Every structure is written in C-alpha cells, then in structure tokens.
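Right, one structure below, let's go through it.
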Amino acid sequence: MFEDFRFDIILDYVPLVLKGALLTVGLSAASILLGSILGLGIGFGKMSRHWYLRWPAVCYVNFFRGTPLYVQILMVHFGLIYFLLGTTNSIIAAITALSLNSAAYSAEIYRAGIQSIDKGQTEAALSLGLTGRQTMRHIILPQAVKRMIPAFGNEFITLVKDSSLIAIIAAPEIMYWSNAMRSQYMRIWEPYLTASLVYFILTYSLNKLLLYIERKV
C-alpha cells in the first residue's frame, strides 16, 4: 500500500499547506473571539428571569448545537452572506459560520462557569451593598473565568479541527490544499496523511499551550 508513497508530491504542496495552516489558525482564533463575545450575551440571556430574553437564547443554542456545522456553513455562505453582500465570500462566510456555532457552545461554557460559583458569594456581596452588576463583575466572573479556561481551550481546539469543513466553500485552508493535491495527482494517502499530520501538530501544540496557561492561572 505504501510501496510507492511519493514524498515529492508532499514537498510540492508543503508551502501551500503551511499557508493553509496559518489561515486555519487565524480563522479559528477570530471565530473563538467573536463567538465568546456573542456567547456571553447569549449565556446571560439563558440565565435571565425574563422569558423574552431566555427563550431566544435557548432556541439559538439548541439550533446551533443541534444541527451539523456542515449545514450551517452552507446556509451562511450561500444564504446569509449572499443576502448581506450580494455575493459570496468564503473567508467572511467561514468566520461567520464558525463564530455563530462557537457562540452556542461558549454560551453554555459561560452558563456552567457562572452557575458553578456558590450562591452564597452572591448573597454575601449583595448584603455588603454591592449591586447585582457589581457582584457579577467583581466577584462571580473573575472566579468563573478561571474555571472556563479549559473549556474555552477545548472549544478552540475543536474549532481548528472543525474548520476543515470550510473546504466545501473553497476557503484555502489545510483541507482545501489537500483536496487540490489529491485532484492533481489522483492520490489518496499523500494529501490526507499530510493533512492529518498538520492538524495533529496544531492540536497537540494548542493542548500543551492550554495546559501551560492553566498552570499559570
């Protein structure tokens, strides 16, 4: 099976695959940032006592966690982005789809992190004269964020792997160039083993970085 394995094919595409890897990391970083910002509002919406804030947030989370990311990417690319811009753009569509998807998971991370803090601390802060907003900002969130770091790190690693799906809309990331290698040379093992190795290096490095950050925090 590997007797005629061609390293020359891989060498030809190494610059393009590495360029795709940089795009993959960039898209994932932008998406986790935007998703965490949007997810914060959705997370508070889920915890709201007001049904008109809670139910839209619940529906958002259920939809994006209950439908395939593949389908979401296609809907955003051919539907939402085309509707807003009058044309398609694979990079904008990729960031938008990944951010919207990440926001649903980030909302759950925020909710779980905040609710993991003992309610007694909130009661104590309120009894000392702090407002609900001051309590959340100065007492609850600083403690909850520390507990959220591993979950957000895992979400970032998941986004890096899930970003392979944006190859379907021709965003020039890792899988896009791996598919190009396969199409040009009609080979299977070289392009996909190369993609697997690059993804492994990225996720392994990010995991080590996450463990370092956890120890420091």
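Out of all the residues in region 33-56, is one or more within 28 Å of residue 186 (Cα to Cα) and out of contact with any strand residue (DSSP E or B) (no Cβ under 7 Å at 6 or more places or on another chain)? Lay out the reasoning, then the answer.
Step one: of region 33-56, the residues within 28 Å of residue 186 (Cα to Cα) are none.
Looking for residues that are within 28 Å of residue 186 (Cα to Cα) and out of contact with any strand residue (DSSP E or B) (no Cβ under 7 Å at 6 or more places or on another chain), one finds none in region 33-56, hence no.
Within region 93-113, does at least one residue satisfy the condition of being free of Cβ contacts under 8 Å to residues at least 12 places away in the same chain, exposed (fewer than 15 other Cβ atoms within 10 Å of the Cβ) and part of a helix (DSSP H, G or I)? First the steps, then the outcome.
Pass one, region 93-113, residues free of Cβ contacts under 8 Å to residues at least 12 places away in the same chain: none.
No, because not a single residue in region 93-113 is free of Cβ contacts under 8 Å to residues at least 12 places away in the same chain, exposed (fewer than 15 other Cβ atoms within 10 Å of the Cβ) and part of a helix (DSSP H, G or I).
Just to be sure, is residue 5 among the aromatic types (Phe, Trp, Tyr) and assigned to a helix (DSSP H, G or I)?
Working: among the aromatic types (Phe, Trp, Tyr): yes; assigned to a helix (DSSP H, G or I): no.
It is false that residue 5 is among the aromatic types (Phe, Trp, Tyr) and assigned to a helix (DSSP H, G or I).
Say whether the condition of being at negative phi, in a helix (DSSP H, G or I) and touching a residue at least 24 places away in the same chain (Cβ under 8 Å) is met by at least one residue in region 80-87.
Step one: of region 80-87, the residues at negative phi are 80-85, 87.
Keeping just the survivors that are in a helix (DSSP H, G or I) gives 80-85.
Checking which are touching a residue at least 24 places away in the same chain (Cβ under 8 Å) leaves us with none.
The answer is no; no qualifying residue exists.
What do you reckon, is residue 173 closer than 16 Å to residue 31 by Cβ, touching a Phe, Trp or Tyr at 6+ places or on another chain (Cβ under 8 Å) and of a type in the set (Asp, Glu)? Walk me through how you get there before you give the answer.
Working: closer than 16 Å to residue 31 by Cβ: yes; touching a Phe, Trp or Tyr at 6+ places or on another chain (Cβ under 8 Å): no; of a type in the set (Asp, Glu): yes.
No; evaluated as a whole, the condition is false for this residue.
Taking only pairs six or more apart or across chains, which ones have beta-carbon atoms under 6 Å, a first residue in region 186-200 that is over 19 Å from residue 165 (Cβ atoms), and a second residue that is surrounded by 14 or more Cβ atoms within 10 Å (Cβ to Cβ)?
If the second residue must be surrounded by 14 or more Cβ atoms within 10 Å (Cβ to Cβ), the pairs left are 190/9; 190/10.
Scan region 171-190 for residues that are closer than 30 Å to residue 32 by Cβ, over 19 Å from the mean Cα position of the chain (by Cα) and among the hydrophobic types (A, V, I, L, M, F, W, C) and jot them down. Quick ask: steps written out before the conclusion?
Initial filter on region 171-190 (closer than 30 Å to residue 32 by Cβ): 171-182.
After this cut, where a residue has to be over 19 Å from the mean Cα position of the chain (by Cα) as well, the list is 177-182.
Result: 177, 180, 181.
All of the numbers you see were taken from the coordinates with simple rules; none came from a lab. Here the structure is a predicted model, which means the values were calculated and not measured. Methodologically, a virtual Cβ is constructed for each residue, glycine included, from the backbone with ideal geometry; neighbour enumeration extends over all protein chains shown.
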